[in-house]
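These notes are about the structure you will find just below.
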C-alpha cells in the first residue's frame, strides 16, 4: 500500500492523466485507505505550523517574527488539523453528491480517496508552515489550489467514468463548492487563531 501511495503521489505531479486511470483501476479497501491517507496528510500542514510558529515565529512581512509558546501553539495546531479534516470531509460530501447525480459507481469511500488525492498539492503546500510568513504562505497555498483544480478537472471524467461534458459540469460544481469552503476555512482559521491569542 505504501508503494502504491508513493507511486501515485509522484505520478499525480508528473503524469496526472495516466495516474488517475491507475488510481481508478486499483482495488483497495477504499474507505479505510482514504481515511488513513487523509489523517496522515492533514498532519503535514498542522505539524509544520506547530513547529514554525513555536521555533521561528509567525510574521506578516518576514521582517519581524513573533514566537508562540508551545502551550499555545499546540491547541492552535490541533484546531488547524481539525479544520483541515472538516474541509476534506465536506469536499468529499460535495463530490459524492455530484457523483451520485452524474456518475455510475458513487461511493463515499471512492470520493474520499479522490478528494485526498486531488488535495495532495494543498496538503504538501502546508510544509511552508515551517516558515510562517503570511504573504508567503498565501502565495504557496494559491499555487497549490491552482494545481489541485487542474488535477480535479483532469481526474473527474477518468475516475468517475463519465464523458468530458458531464465531467466539466461536475468539476465546475465541485470547484465552486471548494472555493466557497476555502474562504470559510481561511476565515475560521483566522478566528480560531485570534481567539487562541
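Just a few scattered comments:
- Any hit, region 10-27, residues being within 18 Å of residue 134 (Cα to Cα) and either at pLDDT below 90 or in a helix (DSSP H, G or I) (or both): no
- Reported count of residues in region 40-62, each being loosely packed, with under 14 Cβ neighbours inside 10 Å and in contact with a helix residue (DSSP H, G or I) (Cβ under 8 Å, 6 or more places away or on another chain), is 3.
To keep it simple, each residue is scored yes or no on (1) closer than 23 Å to residue 83 by Cα; (2) in contact with a helix residue (DSSP H, G or I) (Cβ under 7 Å, 6 or more places away or on another chain).
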site	(1), (2)
156	no, yes
159	no, yes
162	no, yes
172	no, no
176	yes, no
181	yes, yes
185	yes, yes
188	yes, yes
192	yes, yes
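- Here 130, 65 are screened, and the one residue that is surrounded by fewer than 19 Cβ atoms within 10 Å (Cβ to Cβ), touching a helix residue (DSSP H, G or I) at 6+ places or on another chain (Cβ under 7 Å), within 28 Å of residue 190 (Cα to Cα) and free of Cβ contacts under 8 Å to residues at least 24 places away in the same chain is 65.
- Residue list for region 53-94, restricted to those being touching a strand residue (DSSP E or B) at 6+ places or on another chain (Cβ under 7 Å) and part of a helix (DSSP H, G or I): none
- For region 102-114, the candidate set comprises residues that are touching a residue at least 40 places away in the same chain (Cβ under 8 Å) and either under 18 Å from the mean Cα position of the chain (by Cα) or part of a helix (DSSP H, G or I) (or both); within that set, the residue that is surrounded by the most Cβ atoms within 10 Å (Cβ to Cβ) is 114.
- Filtering 143, 152, 194, 179 for residues that are surrounded by fewer than 17 Cβ atoms within 10 Å (Cβ to Cβ) and at pLDDT 90 or above leaves a single hit, 143.
The values are calculated or read from the model by the stated rules, or taken from the named source; none is laboratory data. Small disclaimer: the values here were computed from a predicted structure and weren't measured. Note that we place each Cβ from the backbone using ideal geometry, even for glycine, and neighbour counts take in every protein chain shown.
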